[in-house]
């Protein structure tokens, strides 16, 4: 199904950036977990290989075909989310995992791909300058159903990670001032109500200590403070790979997952932070600039939503390590340990490649 | 239609995407500036904090000072003990960790959780003791699973040990975990949560000397919080040893005398005030309190009706009975109400202020002077004195002679007792003083209340013919300054103005009481000039006594003896009370004799 032209048009640079970032991540995962049981870097490497294969296989399916069937994918994802809510194994306090033979997969991550395809389908025939009410409400509803199911697991981080997809769709579709204000008001109201009724105490504390981390350095402010100490004590050149005292001495929590960037800051210093940010920026830039390489509206939407999704997660995670954002449990895409997240991001980039390689095809 | 899609105008959404990308570029710049601020500008601040994190300060607990008797025999020491602690930082999952630790130590998970929650505010790397006094089997069991349980550590700590169990338990007091309230106090400012501190007795009074100086070990720790390398070490300094005035043999004898009889014994040197023995029964085994985890047992003892934790020598309040008679005699002589030749005739009874009063010897003593009144403890003589001396004078002399004030012994918790006077009665009971009450006070009954230690100090004062002495548990020449309980302010006691001759008269009576045919003759010791006075203090009011008698129940009085020896150049004072022991001559005096005899054999 892939002819030679299409093969030639695969964006190998994008794949290269993707793999490069993942390999950097594996190196940092090694530094932050080599003393722990359970060989995380090797597992992550295996996940990368699996994800790469999935990425290539996914290319064989024309994105237009995928978009056509997107509603079915979406419904299947919702069904799985609902099922694990009822029957799910309890892992790490949340019901978000399905156990496969060797790996465990979080269906909530894969749901993001289904959502991107479905929203692209919804907006593909839409040509007005700003989004009308009906489409706006419908798309928001389509996003909030899985967000709600994921939040119930409860996995607030992943649920939060879904929202940038909707944000991306809205930005492209265009928002008039009224819509923008309505969204802002809705965000504030939902935030306030959620803070009061739905957030668990530990989540509420996370938000409170964002504002006053020194108030309670050994309570919930501990994570933020330790992460900041790790980053700050790295200085210009860092303490050296495998030599970060914060990370190596266990003062830093969730080192190989949510707080992996603090390990970068501590061990590789500001230089390392800049280098990794540049590497990441190149990847994001290439994603954003790919919107010009789409032959149709669906493609633009797909590429843009993927770019916004990965960018938002990156910013939320990195700002969290220096205490500018509450600890939300959002991993750093590609760098943090975690197979489901890696696979999802690879599949998302696969969609971008899919759009780009088929840009000259006449149907 | 489909073909048209290729040529549709996408410029608007592509433009929007590019604007978004421009914003992303801006956020990237902001991100790098933020890291610049934290990593370059605030580098010093965070570097210092991270160094403090990596180097861990471990406190090395000091051993407490030893406590010995006056001859250097070790009475309180330290033994090695193992304690198990949880380091929360190393727990992967708290509940799971509590469960595993609980299973290993045969505890309830709730107990472990409760314990950890108590110290919730402590830093995560600080070990929280979940079990102490581990057996060797338990230590072996934990060591074998060391690598599966990084959150559980075993530490060696010196543990207080009282090798003779309940021996002198009221003198030593006991240790318990420092309370949050004590943590706030200045004197405990260097102590940590979980430390054991003296709660009563010498352990509390000399805590500042016994505690020693904490050592410190600066360690680089590994990823599991385990020590990799020690950077520096300041060893703990053992607390100062304390030599008490106690004599092991006398203390042991005193406790044997009280065995299974509630009461108190004080043996004291009248010249220096050194306490050779201080016994109170029932007693307790302080070893049982050191454990951090058996408060039930302690609460049981606290609530026991026999008050085993109470040191009766300083906290037991008793009616003095006839041992108050020397006080009356000294008052009478000093006020010139009577002299050595004044005689009263005892017919076994007397009507005073319209009320019949009896002598303990119903057939009477016949004519008695002041010496024989003390020798035979004749009530009639002292009723006559009570008619002639005003209650204000009686209370003044009682205070002068050691009652109604703290003795300022160097252990906390001492009680004042009660020397009644009309003003007290008006204030407390809002009633006037009746003359009949003065008559009761004259033979040591009525509202008068004294502690056994006050009686001992009072006796020393008579033995010294008027020289006051402060009792002390710390040996006099040990070179350590005596420390007084905080609650003891210095009061202005009435100055002693009684002539030596009056004391000599009273001493003559006390000598005859033991050595001629007196009430205390059971305390007589060959080749040792013992002088003494017995007392049989009524425990219940006369109405209650009648009721008890009607029910044909035996009424027993508290049995007192107080005395000293030898008559000239006195070396030892013995004061003894046996609760419900009956007559002082029958119960207390022979026991006192044993103590005098032991002292003479050991030191003469």
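The values are calculated or read from the model by the stated rules, or taken from the named source; none is laboratory data. Model, not experiment: these values are computed from the prediction. Cβ atoms come from the backbone with ideal geometry, glycine included; neighbour counts cover every protein chain shown.
For this structure, a couple of remarks:
- Qualifying residue in segment B:126-137 (condition: in contact with a strand residue (DSSP E or B) (Cβ under 6 Å, 6 or more places away or on another chain), surrounded by fewer than 16 Cβ atoms within 10 Å (Cβ to Cβ) and on the phi < 0 side of the Ramachandran plot): no
- Residue in segment A:329-336 that is free of Cβ contacts under 8 Å to residues at least 24 places away in the same chain, under 16 Å from the mean Cα position of the chain (by Cα) and assigned to a loop (DSSP other than H, G, I, E, B) present: yes
- Single match in B:212, B:239, B:198 (criterion: within 30 Å of residue B:599 (Cβ to Cβ) and modelled with pLDDT of 85 or more): B:198
- A single entry from B:386, B:402 fulfils the requirement of being assigned to a loop (DSSP other than H, G, I, E, B) and touching a helix residue (DSSP H, G or I) at 6+ places or on another chain (Cβ under 7 Å): B:402.
- Residues that are within 7 Å of chain B (Cβ to nearest Cβ) and not in a loop (DSSP other than H, G, I, E, B), drawn from segment A:290-307: A:291, A:292, A:297, A:300, A:304
- Elements of type helices (runs of 4 or more DSSP H) contained in segment B:489-604, each with 1 or more residues being closer than 14 Å to residue B:462 by Cβ and modelled with pLDDT under 95: B:500-515
- Flag for residue A:233 being part of a helix (DSSP H, G or I), surrounded by 12 or more Cβ atoms within 10 Å (Cβ to Cβ), at pLDDT 85 or above and within 14 Å of chain B (Cβ to nearest Cβ): yes
- Selection count, segment B:296-309, where residues are closer than 15 Å to residue B:279 by Cα and touching a helix residue (DSSP H, G or I) at 6+ places or on another chain (Cβ under 8 Å): 2
- Failed item, numbered, when residue B:360 is tested on (1) outside any loop (DSSP other than H, G, I, E, B); (2) surrounded by fewer than 22 Cβ atoms within 10 Å (Cβ to Cβ); (3) out of contact with any strand residue (DSSP E or B) (no Cβ under 6 Å at 6 or more places or on another chain): (1)
- Residue B:78 loosely packed, with under 14 Cβ neighbours inside 10 Å, at pLDDT 90 or above and either more than 14 Å from every other protein chain (Cβ to nearest Cβ) or assigned to a strand (DSSP E or B) (or both): no
- A single entry from B:311, B:287, B:340 fulfils the requirement of being closer than 21 Å to residue B:511 by Cβ and in contact (Cβ under 8 Å) with a residue 40 or more places away in the chain: B:340.
- Taken together, the residues in segment B:404-420 that are surrounded by 20 or more Cβ atoms within 10 Å (Cβ to Cβ) and under 29 Å from residue B:352 (Cβ atoms) amount to 4.
- Selected residue (only one of B:149, B:107, B:66 is more than 27 Å from residue B:202 (Cβ to Cβ), surrounded by fewer than 20 Cβ atoms within 10 Å (Cβ to Cβ) and in contact with a strand residue (DSSP E or B) (Cβ under 8 Å, 6 or more places away or on another chain)): B:107
- If you go through segment A:289-310 and keep only what is at pLDDT 95 or above and either more than 18 Å from residue A:174 (Cα to Cα) or surrounded by fewer than 22 Cβ atoms within 10 Å (Cβ to Cβ) (or both), you end up with just A:310.
- Residue list for segment B:173-194, filter: out of contact with any helix residue (DSSP H, G or I) (no Cβ under 8 Å at 6 or more places or on another chain), surrounded by 13 or more Cβ atoms within 10 Å (Cβ to Cβ) and touching a residue at least 24 places away in the same chain (Cβ under 8 Å): B:177, B:192, B:194
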